Structures are given as structure tokens and as C-alpha cells.
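Some notes on the structure that comes next.
Readers should treat all values here as calculations from the given coordinates under stated rules, not as data from a laboratory. This one's a predicted model, so the numbers in the text were calculated from it and none came from an experiment. So basically every Cβ, Gly included, is an ideal-geometry build from the backbone, and we count neighbours across all protein chains shown.
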Amino acid sequence: MRGAIVTLALLAVFTAPPLGGVRAALGQPYIEQNVHVIQQRPFLRRHRVEVAPYFALATNEVLFLQLGPGGAINFYPLDRLAIGGSYTKYFTQETGLYDSIQTDFRTFPEKWEIDFFAGGHVSYTFLDGKFLLLNSSIVHFDAYFIAGMGVTRTNLSDTALTGSFGLGFHLFLTDWLTLNFEVRDYIFQEKFKAGERIINNVMLQTGLSFFIPFRSQYRYPR
């Protein structure tokens, strides 16, 4: 029985067509349509720390211009999941509309200034992609959801419990440096003289991210 199996195996080896013959028989179009190569991403996030300084600007406040610097630190236990914290220091300036209301209507709106926000968050990367920039270079990007809790201090409240959620993007300049864009809604309750009110402080944040360590490696070679 064993001799018969060995004989069949030898016949299969010596009678099999060469690889070139298989390619010629199938044809190049067949191979191109049915053989797909999965390209590895040039960067990995797992077990890396992201240090992200940014600049924030309020988008839905018309009486006061609120902006300021901030920073976030994130750790990626998984390639698509990050946990971290952030801090934003705000500077407030009255707009021309605020002055016009006082001058034209003799009305004096209550002054409202944000001092800072500090809190923690969780983010999930739901999209990885790439595009061709100026017909010359390929730029990789990702998109993520972010949500968290923290505190906001204003001139009216010492510590207002704040929930936040938003959407962000990384544009990868190298495998350790990215350009970031993020929109986050900071939701908290504020106590004005006219009564309590829910605030939706929508901030546009942009900055850079530095991924540490600076190099990432796949477990297995290409």
C-alpha cells in the first residue's frame, strides 16, 4: 500500500505542468483579476504612545471669541483603541457683536468665560485609507470616534461635569508624525443669572501628533 502511494506521488510530481505553463494556460488577465495582494500599512498604533499638542477654537459662540492651546496623551493597547487624557486652556475675548449689543440696545449680556477643560477619553479608529496628493505622493490617513468625561471651569462655575464626543482625523506625514483635525462637542450645565442652561461648546482642534516609539514593526515579515 505504501509503495502505491509513493508511486502516485512521484507520478504527480513529474507529470505536473511547470508554473510558467500554468500562467500561460490561465492567462495574465485571469491572474490579475483573481489574485489580490494585501498591502501592509506603513504604520502601526498598537503599544505606542501619542503625544498631541493642539490649538482649539470655539465654533458656536458669537458674543465671545474663545480659543487656546491644549494637549493630549493617548496610549494604544490595541491598534484601533486608545485611552488617554487632554487639557485645554482657554482665552476669551469679546467680539464686535458683544460691543454692538451694549451700544445699540443698551443691553449688557452676562459675561461668560471658559478657563480650562481637563478630562479623559476613549477613541476608536474606524477607518484607514490613503489618497494621492498632487499626483505625486501617497498620503495615509485614519478617522476615529472619541468620547470622554471631564470638568470645565468658567467664571461662573468652579467645576462643571462635562461630557464630550467627536470625530477626528490623522494625516500621516511619516510613520511617527501626523497632522490632526478634530471636532468635539463639550457638553455641560452652566448657571447663569437667568437660570441654568445646557452648553454645547463645539471646538475645532488642529495640531500635530508624535508617536512613540518612533518606529513600528510587524510581528511577521512581509
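Say R0 is 30 Å: what FRET efficiency, to the nearest 0.05, do residue 127 and residue 55 get from their beta-carbon distance?
FRET efficiency, residue 127 to residue 55: 0.80.
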Notebook entry, point to check: When 121, 47 are ordered from fewest to most other Cβ atoms inside 10 Å of their Cβ, what list results?
Noted result: 47, 121
Note to self: Give me the base-10 log of I(q)/I(0) for region 49-212 at each q in 0.13, 0.15, 0.17, 0.19 Å⁻¹, Debye formula, one uniform scatterer per Cα, rounded to two decimals.
What the structure shows: -0.67, -0.83, -0.99, -1.17
Next item on the list: Please give the length that would be gained between residue 200 and residue 158 if that part of the chain were fully extended, namely 0.36 nm times their separation in residues minus their C-alpha to C-alpha distance (nm, one decimal).
Entry: 13.4 nm
Notebook entry, point to check: For region 43-56, in order, what is each residue's ³J(HN,Hα) by Karplus, 6.51 cos²θ - 1.76 cosθ + 1.60 with θ = phi - 60°, in whole Hz (x at glycine and Pro)?
Noted result: 9, 10, 9, 4, 6, 10, 9, 10, 10, 10, x, 8, 10, 10
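How big is D, in µm² s⁻¹, for region 126-165 by Stokes-Einstein at 37 °C and 0.692 mPa s if Rh is the Kirkwood radius over C-alpha pairs? Before the final figure, lay out the partial values.
On the way: Rh = 13.5 Å.
Approximately 243 µm²/s, per Stokes-Einstein.
So how do 138, 146 line up by other beta-carbon neighbours within 10 Å, fewest first? Show your work: numbers first, answer last.
On the way: 138 10, 146 22.
Sorted ascending by nearby Cβ count, the order is 138, 146.
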